[in-house]
Amino acid sequence: MNLGPFTHTTRPASARRSGALAGTAALLLLAFGAAACGTAEPKTAPAPAETATATASPVPANGDTSAAGTGGAGGTPAAPPSGGSGTNTPAVQFGKLFYGPARVAVGENGNLRSWRPGENPVRLMVLPHTAAALNVNVSPDGRRVAWSGEDADDSGNLYIANVDGSNKQKMRSEVDPYCVTPAWSPDGRQLLFRVDLPGGGHGRFGLLDTRSEKRTVRWWRTEPSACHAVWSADGKTIAMTTDVGVTVDAGVVLYGTDGTKKRAIPGFSLDGWHSNDIASLSPDGSRIALLRMKLGEDDGNLARDLRANVVLDTRTGKQVSLPLGGRTLHQVYFQSDGSMVVRVKAGSGYAVLLVDEDGRKISETAEPASLKDMQILAVVD
C-alpha cells in the first residue's frame, strides 16, 4: 500500500494483520515518521491554512496551478490519449472525479480537488496529513467528506465537513484512522467506522447516523479481522480485505450491512494471490476493483492504497477484461449505473476511460497535468 513518502514493507502472508490491529497502527505511525525523513518529496508552494475558502476556485485549463497558489504540478498537459471520442454518450456519462494527493510529506497538509472531463479542475478543502494521505472519503453525492485523525497526535477523531471545508463537525473519538477508514453508505447518511480497543484486538464496528442529532450508532455484533471497507451502490454489500492464512477467509470477503458474512471471493490463498487493498465495488456487488499481489511481492502495510491492477468477478474470482489498449491500469471506480471510470498511464501523466457495464470503451480523456501527482478518491454521478 502507498503511504505517501513512507517506505513499503513486505510481510509474510501468515503474519499479515494478526489480531492486534490497533497496536499495529500505533507502531506504524512511528515507523512512518522515521521512513519519511529520507523519502519525502520536495516541497512546492506552502500549504494553505486549515480553513479553506468557502468558494472553490478553478484551476487554469492548461493545468498550471502555480498562479492559483495550490502547490500543484504545473507545466505541459499530459500526453493526449490514443483512441476514444473524448465525449460522453446520452446513456453513459462521466461523473465528477474527486482527487487527493498521492503523496504527502509528513507534517504537511494536502488539498482535495474535483474535476469533470471537459471542465477545469476545482480546488477544494485543505486536510491534515493523515487524513489527506490515508483516510479521507467523499460522500456519494459529492457534498461532504469524512476523515479521522487531526493535528500531529493523530488522535483518531472522526470528522465530517462540506467539501469546501465549511461546517466541520467532530462526530466521535478513538476511531481507527488506518485500517477501517470511514466509509459512506450509498445514501450518504451513515458512516461505517471502527473503534480502536484498548490493548489491541479486532475492534468494534459501527454505523454512525451522521444526520441524527444524537449521532446514534448501530453496532455490529461481529468484529471481523478486516480492513478497508467499500459499499456497493445498492446499499446491500460491504467488501473488506481479511487476513490470509490467519482466518479461514482469504483475501476479500463480502459482508451484509449488519456485519454478517456473505461470501469470500474465490482465488485468494496463503501461497497464491492476496489483496490488502480495495478500490471500488460494483453497484450489485458482483465485481470489484482492487490491488492484487502474488506471494512475496511488496504488499505494503496497514494503511489503504487506492490503486487497482485488476477487476474481478466476486462470484468466480475470474479477472474481468478491460479495454486498456496495452497501457498500465492504475485506478478503477464503478459508477452507480455499473459503468467504470478507468485511469491508465498515458505519456507523462494519465488518461481516464469511460467503460460501460459490458466492458466497451465509450470515451477517453487526458487528465490535466495538475492532477498527475494526485489519486482519485471517488467518482460521483
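With contacts taken as Cα pairs under 8 Å and at least 6 residues apart, region 224-381 reaches a relative contact order of 14 percent. In this simple spin-label model, placing a label point 7 Å from the Cα along the Cα-to-Cβ direction at both D373 and T222 gives a separation of 4.2 nm.
Heavy-atom accessible area, probed at 1.4 angstrom with all protein chains present, ranks K236, K361, K261, K214 as K214, K236, K261, K361, highest first.
The simple Förster model, with R0 at 25 Å and r as the Cβ-Cβ distance, assigns R327 and L295 a FRET efficiency of 0.40. Spread over its residues, the convex hull of the C-alpha atoms of region 124-241 is 104 Å³ per residue.
Principal axis extents of the Cα atoms in region 252-381, from largest to smallest and rounded to whole angstrom, are 41, 34, 26. Solvent-accessible surface (1.4 Å probe) assigned to E174 amounts to roughly 120 Å². On full extension, the segment bounded by K345 and N120 gains 79.0 nm, given 0.36 nm per residue less the C-alpha separation.
Checking the Cα-Cα distances for K261/K345; K261/K294; K168/K262 against a 28 Å cut-off, the pairs over it are K261/K345; K168/K262. I want to make sure I understand the PRE zone here: with the label point 7 angstrom from the Cα of E357 toward its beta carbon, which residues in region 307-322 have backbone N atoms less than 20 Å away? Backbone N within reach: 311-322. Kirkwood-type hydrodynamic radius, region 118-188: 12.5 Å, calculated from all non-identical alpha-carbon pairs.
The values are calculated or read from the model by the stated rules, or taken from the named source; none is laboratory data. This one's a predicted model, so the numbers in the text were calculated from it and none came from an experiment. Ideal geometry is used to build each Cβ from the backbone, glycine not excepted, and the neighbour counts take in all protein chains shown. Remember, those area values only see protein heavy atoms, side chains included, never the ligands or the DNA or RNA. Shrake-Rupley method; radii C 1.70, N 1.55, O 1.52, S 1.80 Å.
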